[in-house]
Amino acid sequence: MKISHRVWMALAALMLIGVYFVPIWSISMEAPQYPEGIGMNITVNNIEGKSENDLKNINGLNHYIGMKPIEPESIPELTIMPYIFGFLILSGLVIAATGKRTWILYWLGFFVIVAIAGLVDFYIWGYDYGHNLNPDAPIKVPGMTYQPPLLGSKQLLNINATSLPHIGFYIALISMGIAGFTWWKSGDEE
Amino acid sequence: MTKQKFSHRLWIMPAIALFSLMLFGCNGNGNLSSSSDAAQKVYVAPGELDEFYGFMSGGYNGQLGVYGLPSGRHIFTIPVFSQAAVNGYGYSEETKAMLNTSHGFVPWGDAHHPELSQTNGETDGRWIFINENNTPRIARIGLDEFKTQEIIEIPNSAGNHASSFVTPNTEYVSAATRFSIPIDEDMSNMDVAIDSYEDTFKGTISFIKVSDEGKMNIDFQILMPGFDYDLSHAGKGPSDGWAFFTSYNSEQAHTLLEINASKNDKDFIAAVNWKKAAEYVKEGKGKMMPGKHVRNYIDHEEGGIAKSETIEEVRVLDPRELEGIVYFLPTPKSPHGVDIDPSGKYIIAGGKLSTVIPVHSFAKMSSAIESEDYEGEVMGIPVLKYDSILHGEVENPGLGPLHTEFDDKGFAYTTAFISSEIVKWDVENTQVVDRIDTYYSPGHLMIPGGDSQKPDGKYLVALNKITKDRYLPTGPEMFHSAQLIDISGDKMQLLLDFPTEGEPHYAQGILAEKVMKRQKRFYKLEENTHPQRATSEAQTRVERDGNEVHVYMTTIRSHFSPDNIEGIKVGDKVYFHVTNLEQDWDVPHGFAMKGANNAELLIMPGETLTLTWEPKEAGVFPFYCTDFCSALHQEMQGYVRVSPKNADVPLSYGTGK
C-alpha cells in the first residue's frame, strides 16, 4: 500500500476515538406534559439523559406501565463496547503500519458484523423492555407493548418516541467508508 | 365595443358606494375599532409569554402578586408577611420563623411598596424588597425561586410606610416611621401621655445595608422630628448619595389628623445625604441605642430552614449633633409620593392637597445648601427656601396628585386620586401634554423601570383604589382594579382592565428575560442539606423520642414511604419530615393530615418540609397528597394508627413491601 493509503487507513482507525466522546444513538420522546422533550442518549459505555434527570424521570414514567428501570450499570454491552472500539482502533493502526491490504477487508468485515450485532442487540433490548412488563403495573392497556422503534418514530400512548443514530454512529459509518475506499483505491497498485 | 364594456361595468358603482358606506359605518364606531386595536396589544397567544413581569404589592393580604404584562394574567402569589395555608408558608416548621418579630409570632402583615434590586440604577432581577407597614419590617424575596428569603424588623418605628426603596446599586434599602413614637435616650420611658406628642414623640429614618448575598442589617437610623414620614425614593445620577422622604403632619397633631394635620401650607421633603451619614457611621459617630429587632432568614446552608436572630441595639445619628445629613425642602400641602426623574435632576412631590405639582431641582438644592440659603431650622435640621430650590410647578395637574413615574422620553405620569385620572407632563418645561381617565381613583402607578434610571416606557399600570362596577359583582367586597395604559405614543391609550388581589400599593415591572434567566426549576436532591431529609426510600424511618415522634418520609409518584404507621399515641407530637424525591420541573407533592391544626405542606421537588400534628384521640387517620401529581394521584395516601396514651402498640411503619 502506498503511504497515502496507509495514512487514510490510520485516519479511519483514529477517527473512531471520537466515538468515545459523543453519543452513538438517541431516543427522544415528546408528550404534551414535556413541552421541552425528554430523552436519552446511548454512548459507548453509558445511557444518559438528554438533560439532567431525564433518565430518572423516564424510569419514573415507565414504572406506571411496568417497564423495568433502565440502569446503565446493569447492561453488560456498555462495558464491552469500549473494548470493541479500542480493538478496532488498534488493529486499524496495525493495518496502516504493516500495509497489508487484504486485512482491511477482515477489519471491515469485523466492523460490519459488530455494527449489525449491535443493532440486533439494541432491538432485542428494546423488545425485552417493551414486552417484559411487570404484571402489577398500575396502567395496563390490553394488547399494548412499549418497544421503542429501532429507527424512526412510534406513538406509545401519550408519548411519541423517536429513535435515531447520533454523531458517534455517523463517525463509525464514515470510518467504514474511508477504510472501504482505501481498500478499493489501493487495489490499483496491483 | 369599448363603450359597451364600460356600461357593463357600471353595475359595480352602487356596490362600491354601498361598500364604502359600510366601511364608513365601521370607522364611525370609535369604540369598536379602538377596542380591537387594544385587544391586539394585550393579546398574548396561548403558549406565548408576556413581555414583562409585574409585581403588585398585595396590601392587606400581606403577599406579593405576580402578573404578566401586557396580558394582566395573574401568574403567582408570593407569601411574604402573612401565613399562607396554600403551601404551608408560616405553618411549616421550616417557614414559621419567617414571621417572628420582637412582638412574637405575627401571622399577618400589611405589604406596601415592592422595589426591585438595582445595579447601576437599573433593575437587575436579583431580588425584590417589600415593606410591612403595621409591624415594621422589610422582606427580601429571591427572584430565583420567588420565595421570601429574609425579613428584618425595623426597631424604633411604627407604621413603616416610607419604605422599601433602594439606592442605585442596592447599597441600602430605606425605611421611615409613618407614625412617630415616644423616643428618648435609653428608650426607657415609653409610657407617656399621648398629648405630650410634641415633646416626646420622634420619627426615625432607617438605612438597611444589603450585602452582595442579600443579607440585610440596619446600618443606622436618623432621629427625626415627630412628623409622619410618608414615602421615599433614592436619588440617582447627580443626586446619587441622597434619599428623599416626604413628611406630613408637620403640625404634630396626635388626634383627628385629617383636620389637624392639614393646616400648614407646606410640609417637608427630608433630603438625606446617606453617603455622608454612612461616613459618620464608619467613623463611629452617633450612638448605640436600644432597638430590639428580629431578623429572620432562610439558612441555605442548613436545609433552607428559616432561623431568627434578635439584635438588641441600633446605631442612631442625631442631626442636631451631626451636620449635613438632613435638610428640609418645604413642599406644599401634605405631600405623599416623592419621585426622582430618570436623570436624577428633579425631585417631584405629590402634594395630595395641592393644586400644583412642585418640581424641585437637585442642582438648586445643592447650591442653596452650599450658600446656606436657609429660612430657618426644625430640630436642628436646616429648612431651605421653597423659591430658591424650585425648578417649576406643574399647573392643572388634576385633583389629589399622589405618585409619579417616568418614561424614557422625558415625560412624567402622575396619578390624580380625586379627579381619577393620569396626567402626562414634560419634566423639563412642567407642561401637561396629555391626560386619561382611570376607573376609579388611582393610587400608585407603575411603569416597568419607571422609578429607575432606565424606564421601559411602553406600558403604564394604574393601580386604582375603587372598583365599583368594573367587574362582575362579588358582594360588598371586591378585588381592586388595575388598568393597563399604552404610553408608547403621544396619546395615552387605555388597553385593559384586570383585577388585583388585596390592595396593591406600589408595584414594580421588569423585562421578563432579566428574571427568567435566573429561574430555578426544582431543588437538587443531592444539594438538600435539611437535617431531617430522607433522600431515598431506604432512609425513610420513624423514630420516637419521648412523646415526640419523627417521621422521615418521602414522596414520589405516586406513593408515600412509609404509608402505614402504627404505634403513635394520643399526646404525641408527630413531626412529618417529608422529602419530595422528584427531580423534574413542576412535580410538587402535597401532604395533608386529617385534623392537623395548621395547614398542608406543598413540597417542591428536592425539598424537605415538616408538618407537626398532635393527635387528640385514638383511631386511624388518613393522610394524602393534595396536589394532583400523576394519573395515580388519588392512590397517593396512607394511614396513621393512633392508640390510647397507655397502649403498648409497638412503633412500626412501612409500605408493606
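List of remarks:
- Number of the condition not met by residue A:91 [criteria: (1) small (Gly, Ala, Ser); (2) surrounded by 16 or more Cβ atoms within 10 Å (Cβ to Cβ); (3) away from chain B (no Cβ under 14 Å); (4) under 21 Å from residue A:146 (Cβ atoms)]: (4)
- Evaluation of residue B:412 against (1) without any contact (Cβ under 8 Å) to a residue 24 or more places away in the chain; (2) surrounded by 23 or more Cβ atoms within 10 Å (Cβ to Cβ); (3) of a type in the set (Gly, Ala, Ser) (one fails), failing number: (1)
- Checked against the criterion of being in contact (Cβ under 8 Å) with a residue 40 or more places away in the chain, surrounded by 19 or more Cβ atoms within 10 Å (Cβ to Cβ), within 33 Å of the chain's Cα centre (by Cα) and part of a strand (DSSP E or B), segment B:370-381 has at least one qualifying residue.
- The set of residues in segment A:135-181 being among the small types (Gly, Ala, Ser) and either touching a Lys or Arg at 6+ places or on another chain (Cβ under 7 Å) or away from chain B (no Cβ under 14 Å) (or both) consists of A:143, A:152, A:153, A:161, A:163, A:168, A:172, A:175, A:177, A:179, A:180.
- From the list A:125, A:184, the lone residue that is out of contact with any Cys (no Cβ under 9 Å at 6 or more places or on another chain), more than 14 Å from chain B (Cβ to nearest Cβ) and surrounded by fewer than 15 Cβ atoms within 10 Å (Cβ to Cβ) is A:184.
- Here B:535, B:500, B:555 are screened, and the one residue that is surrounded by 21 or more Cβ atoms within 10 Å (Cβ to Cβ), of a type in the set (S, T, N, Q), over 27 Å from residue B:52 (Cβ atoms) and touching a strand residue (DSSP E or B) at 6+ places or on another chain (Cβ under 9 Å) is B:555.
- The residue of segment B:588-598 that is surrounded by the most Cβ atoms within 10 Å (Cβ to Cβ), among those that are over 18 Å from residue B:555 (Cα atoms) and small (Gly, Ala, Ser), is B:596.
- Extreme residue, surrounded by the most Cβ atoms within 10 Å (Cβ to Cβ), among residues of segment B:33-75 that are at positive phi and modelled with pLDDT of 95 or more: B:62
- All of (1) part of a loop (DSSP other than H, G, I, E, B); (2) among the hydroxyl-bearing types (Ser, Thr, Tyr); (3) touching a Lys or Arg at 6+ places or on another chain (Cβ under 8 Å) hold for residue B:653 with one exception: (1).
Okay, residues lined up against (1) in a helix (DSSP H, G or I); (2) at pLDDT below 95; (3) under 20 Å from residue A:71 (Cα atoms):
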position	(1), (2), (3)
A:113	yes, no, no
A:128	yes, yes, yes
A:140	no, yes, no
A:144	no, yes, no
A:150	no, yes, yes
A:164	no, no, no
A:168	yes, no, no
A:174	yes, no, no
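- One residue stands out in segment B:593-607 among those that are outside any loop (DSSP other than H, G, I, E, B) and in contact (Cβ under 8 Å) with a residue 60 or more places away in the chain: the one that is nearest to the other protein chains (Cβ to nearest Cβ), namely B:602.
- Segment B:243-294, subset of a type in the set (Val, Ile, Thr) and outside any loop (DSSP other than H, G, I, E, B), residue modelled with the lowest pLDDT: B:259
- Single residue of A:80, A:58, A:47 found to be more than 11 Å from every other protein chain (Cβ to nearest Cβ), among the hydrophobic types (A, V, I, L, M, F, W, C), free of Cβ contacts under 8 Å to residues at least 60 places away in the same chain and under 25 Å from residue A:159 (Cα atoms): A:47
- If the condition is being in a strand (DSSP E or B) and either hydrophobic (A, V, I, L, M, F, W, C) or without any contact (Cβ under 8 Å) to a residue 40 or more places away in the chain (or both), then segment B:121-137 contributes B:127, B:128, B:129, B:130.
- Qualifying residues in segment B:609-631 (those that are surrounded by 14 or more Cβ atoms within 10 Å (Cβ to Cβ) and within 14 Å of another protein chain (Cβ to nearest Cβ)) - the one nearest to residue B:87 (Cα to Cα): B:629
- Residue count for segment B:58-97 satisfying the condition of being assigned to a helix (DSSP H, G or I) and more than 16 Å from the chain's Cα centre (by Cα): 2.
- Considering segment B:539-564, and only residues there that are of a type in the set (Val, Ile, Thr) and within 20 Å of residue B:625 (Cα to Cα), the residue that is farthest from the other protein chains (Cβ to nearest Cβ) turns out to be B:542.
- Tally of residues being of a type in the set (D, E, K, R) and not in a loop (DSSP other than H, G, I, E, B) across segment B:456-484: 0
- Single residue of segment B:525-538 satisfying the filter (of a type outside the set (Ser, Thr, Tyr) and assigned to a loop (DSSP other than H, G, I, E, B)) that is nearest to the other protein chains (Cβ to nearest Cβ): B:528
The values are calculated or read from the model by the stated rules, or taken from the named source; none is laboratory data. Please read all numbers here as calculations on a predicted model, not as lab measurements. Cβ sites come from the backbone with ideal geometry, for glycine too, and all protein chains shown count toward neighbours.
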